[in-house]
Amino acid sequence: MFEFKVTGKLAGRGRKGSFSTPHGNLATPVFMPVGTRASVKSVNPRELEEIGAQIILANNYHLFLRPGSDIIARLGGLHAFMNWNKPILTDSGGFQVWSLGEPGGGLAKITPAGVEFRSHLDGTINFLSPEIAIDSEVKLGADIIMAFDQCTSDTAKKDAARTALELTNTWLVRGVKEWQKHDTEKQALFGIIQGALHEDLRREAAQFVVAQDLPGIAIGGETIGYNMSGTQQVIDWIADYLPENKPRYTMGLGLKPSDVLTAISLGIDMFDCVAPTRLARNGALYTGKVISKNGEYCFESNYPNERINIGNKEFAGDAGPIDPDCDCETCKNFTRAYLHHLFRSKELLYYSLASVHNLRMMIKAVEDAKELALRRQS
Ligand SMILES: [Zn+2]
């Protein structure tokens, strides 16, 4: 279980691979839709299967607070609870409790023991530590679980970034110990490389995390996914330390299809982002396609940021699909004009049709990149 095999080469440092989990093998690279509260917003698990989602994310912080990990455990774990029988990854909640404590937030107190925080739901005081986070993730029962880490803002001074990193590393060792008390063949623990935008800290963190010899390695922090040149820089710094035979996961990357193609060419295997569904709800719908250019792939789109704003007047009478090359049910069956109308009328159906399309575009971009590489090699 949790064996990662590289099965082929993609453009740049990209690789194709396979990662075995108790709920099936993941064909990597893979884009993972986010279902923070055990639901990918407005998308049915059946639709997720139809658009080729192989794995989804859920968040330990949110589920720990509501409905509670014990309730989900009693109901058979997350897979049964949400009726999703493919792999699931849970994030530990480190990022969420950190955001509560950010300037202006003031809702979290971080000590070496863990983080005391006020629930954003009802103001009650709660506590998460590396051990409690793992115990909760064990109850939720995801195939891949993340270690409890302490984020730092990218604008943080080096001293603050170093303190956070040292805490993250200590917490990782404690998390590993806790994880080893449970069935490590049932759930894979990934460690997270932090260190903000400091080269020496990132290198140190990479060596530390790799030395734990866990089933997978994640790269975290505010920059990742939101600042692609910063992300590329961080990956370049640590690339030499990353072992070939472990999956690499950039947390929160996938704002637009081209970002995912960039990550693939940097040798990343897994990525997730709330952007496709969040943008969809706000009227921003991806359009464009993957093309091959000088042995590299890129995402070609006629629109800025690779998306149209469906609320714009120009689409009111547009009889075409959102994207002429997309194979999703929304594009096969509905026009831009209809989606424009639903969006302007705030009809609930809009959210589901739009989210299905944006997720499919992201998943298809990854599939097309693999397909193009195959054709080039044959
Ligand atoms: Zn579509």
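Some points to look at:
- Length-normalised contact order of the chain in % [C-alpha pairs under 8 Å, at least 6 apart]: 16 percent
- The simple Förster model, with R0 at 56 Å and r as the Cβ-Cβ distance, assigns Ser18 and Leu348 a FRET efficiency of 0.90.
- The DSSP beta bridges internal to the chain are antiparallel in roughly 55% of cases.
- Glu329 sits among other residues whose Cβ lies under 10 Å from its own Cβ, and their net charge, with Lys and Arg +1 and Asp and Glu -1, is -1.
- Here is the short version for the chain: Cys151, Cys273, Cys298, Cys328 have no other Cys C-beta closer than 4.7 Å.
- Residue pairs exceeding 28 angstrom between C-alpha atoms, taken from Lys181/Lys246; Lys41/Lys157; Lys41/Lys289; Lys41/Lys86; Lys177/Lys246: Lys41/Lys157.
- Separation of the stretch 306-378 and the stretch 175-208, taken as the distance between their Cα centroids, equals 37 angstrom.
- Compactness index (Cα Rg / 2.2 N^0.38 Å), the stretch 311-354: 1.04
- The stretch 247-378: antiparallel DSSP beta bridges as a percent of all, rounded to 5: 80 percent
- Only protein heavy atoms count here; under a 1.4 Å probe, Ile125 has an accessible surface of about 100 Å².
- Residues in the stretch 61-75 that a label on Ile110 would reach, taking backbone N under 19 Å of a point 7 Å out along Cα→Cβ: 61-62
- Amide H contacts under 5 Å for Gly254, placed H, 5+ residues apart: none
- Accessible carbon and sulfur surface of the stretch 42-129 relative to its total accessible area, %, 1.4 Å: 52 percent
- In this structure Arg118 has an accessible area near 110 Å², from a 1.4 Å probe over the protein heavy atoms.
- With kT/(6 pi eta Rh) evaluated at 4 °C and eta = 1.567 mPa s, and Rh the Kirkwood radius from Cα pairs, the stretch 272-366 diffuses with a coefficient of 97 µm²/s according to Stokes-Einstein.
- Probe 1.4 Å, accessible area per residue of the stretch 175-308, Å²: 38 Å²
- The mean of 1/r over all distinct Cα pairs in the stretch 1-102, once inverted, gives the Kirkwood hydrodynamic radius of 15.1 Å.
- Semi-axis lengths, Å, the chain, gyration tensor of Cα atoms, sqrt of 5 times eigenvalues: 33, 25, 20
- Between the stretch 50-127 and the stretch 264-278, the C-alpha centres lie 20 angstrom from each other.
- Put simply, the stretch 165-283 fits an ellipsoid with semi-axes of 25, 17, 13 Å; these come from the alpha carbon gyration tensor as the roots of five times its eigenvalues, largest first.
- Hull volume per residue, based on the alpha-carbon atoms of the stretch 13-57 and their convex hull, is 90 Å³.
The values are calculated or read from the model by the stated rules, or taken from the named source; none is laboratory data. Please read all numbers here as calculations on a predicted model, not as lab measurements. In this analysis, Cβ positions are derived from the backbone assuming ideal geometry, glycine residues included, and neighbour counts consider all displayed protein chains. To get the accessible areas, we keep the full protein, side chains included, count just its heavy atoms, and leave off ligands, DNA and RNA. Shrake-Rupley method; radii C 1.70, N 1.55, O 1.52, S 1.80 Å.
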